[in-house]
Amino acid sequence: MARERPVYVISVAANLAGVHPRTLRIYEEEGLLQPVRTPTNIRLYSDDDIARVRAIRYLTQRRRVNLAGVKIILQLRPLDDLVDEVLEGLETEAEEL
């Protein structure tokens, strides 16, 4: 299955990303996330969307970046690079514990 293929409804996506479904809606309202919509207006999220949400959470919770700052970062950096940075940051934090 391709990472960009939208397959998860909002409740499953929120669970996989470790956030509340309302958080996904807020990220969409802020322009940080654009889930695919079905003809019946149901949001569908891909694995790339889940990775993006995890990166947003890392930036806001661990690095204390506000959503406006996150939006700029996401516009300037490819998702793969950002995910790599998040993983490195988490590994560093784990080593410090």
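Since every read-out is calculated from the coordinates, none of them should be taken as a lab result. Here the structure is a predicted model, which means the values were calculated and not measured. Cβ atoms come from the backbone with ideal geometry, glycine included; neighbour counts cover every protein chain shown.
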(request) Quickly estimate the mean residue ellipticity at 222 nm for the chain, helices only: each DSSP H run with n ≥ 4 gives -39500 (n - 2.57), and the total goes over all residues, rounded to 500. (result) -17500 deg cm²/dmol
(request) At 7 Å along the Cα-to-beta-carbon direction for both VAL9 and ASN41, put a label point, then send me their distance in nm to one decimal. (result) 1.6
(message) Rounding to the nearest 10 and keeping the result within 0 to 90°, find how far the Cα-based axis of helix 79-96 lies from the longest principal axis of the chain.
(response) 40
(request) Please list the non-local residues whose amide H lies under 5 Å from the amide H of VAL65, H modeled 1.01 Å from N, same-chain partners needing a gap of 5 or more. (result) THR60
(request) Once every Cα of the chain carries one equal point scatterer and solvent is ignored, give the base-10 log of I(q)/I(0) from the Debye formula at q = 0.11 Å⁻¹, two decimals. (result) -0.32
(request) Enumerate the residues in the stretch 22-42 having an amide nitrogen under 19 Å from the point lying 7 Å beyond the Cα of ALA68 toward its Cβ. (result) 26-33
(message) Amide H of LEU33 versus every other amide H placed in the peptide plane: which residues, excluding those fewer than 5 positions away on the same chain, fall under 5 Å?
(response) GLU28
(message) Once R0 is set to 35 Å, what does the formula 1/(1 + (r/R0)^6) return for the Cβ-Cβ distance between GLU29 and ASP81, expressed as a FRET efficiency to the nearest 0.05?
(response) 0.90
(request) For the stretch 22-31, just list the computed ³J(HN,Hα) in residue order, Karplus coefficients 6.51, -1.76 and 1.60, θ = phi - 60°, integers in Hz, with x standing in for Gly and Pro. (result) 4, 4, 5, 5, 5, 4, 5, 4, 7, x
(request) Note down the relative contact order for the chain as a percent, whole number, built from C-alpha pairs under 8 angstrom at least six residues apart. (result) 27
